Amino acid sequence: MTTPAAVLDALRRVIDPEIGINVVDLGLVYATDVQGGHVRVTMTTTAPSCPLGETLSREAAAAIRRYLPGVTSVSVDLVSEPPWQPSMMSESAHAQLGWGPRR
């Protein structure tokens, strides 16, 4: 059975090509919803005008299909509200960037 946690695990394989950190730890994934075999993800980019938004969206859908065999359909909603902020990153992402602990 596909769960929101399994969806997040699949999305951790999607790496932001400019920053080199996965979209979950960057805080780009706002929501996951699983209804039977359908998965819906709401995510953003680090900047509203990011040219990689559609690429990340396609890669997210592909990762879900690849790593979660029970999924029959995937939709990824790319949103700009609320705007992403560095405070949304995980402790791991902060450490990878050498920023030290979040405050």
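The values are calculated or read from the model by the stated rules, or taken from the named source; none is laboratory data. Values in this document were obtained by computation on a predicted structure and should not be read as measured data. Positions of Cβ are generated from backbone atoms using ideal geometry, with glycine treated the same way; all protein chains shown enter the neighbour counts.
Annotations
- Per-region count, the stretch 71-103, residues closer than 21 Å to Thr42 by Cβ and out of contact with any His (no Cβ under 6 Å at 6 or more places or on another chain): 20
- Qualifying residue in the stretch 37-52 (condition: farther than 17 Å from Ser75 by Cα, among the β-branched types (Val, Ile, Thr), over 12 Å from the mean Cα position of the chain (by Cα) and at pLDDT below 95): no
- If you go through the stretch 54-79 and keep only what is among the small types (Gly, Ala, Ser), farther than 11 Å from Val23 by Cβ and out of contact with any Gly (no Cβ under 9 Å at 6 or more places or on another chain), you end up with Ala61, Ala62, Ser75.
- Considering only residues in the stretch 56-80 that are polar (S, T, N, Q) and modelled with pLDDT of 95 or more, the one that is farthest from Gly98 (Cα to Cα) turns out to be Thr72.
- Total residues in the stretch 19-54, condition under 22 Å from Trp99 (Cα atoms) and surrounded by fewer than 13 Cβ atoms within 10 Å (Cβ to Cβ): 1
- Within the option set Ser57, Ser90, Ser75, being polar (S, T, N, Q) and exposed (fewer than 15 other Cβ atoms within 10 Å of the Cβ) holds for one residue only, Ser75.
- Every listed requirement among (1) touching a Ser or Thr at 6+ places or on another chain (Cβ under 8 Å); (2) surrounded by 13 or more Cβ atoms within 10 Å (Cβ to Cβ) is met by Tyr67 save one, (1).
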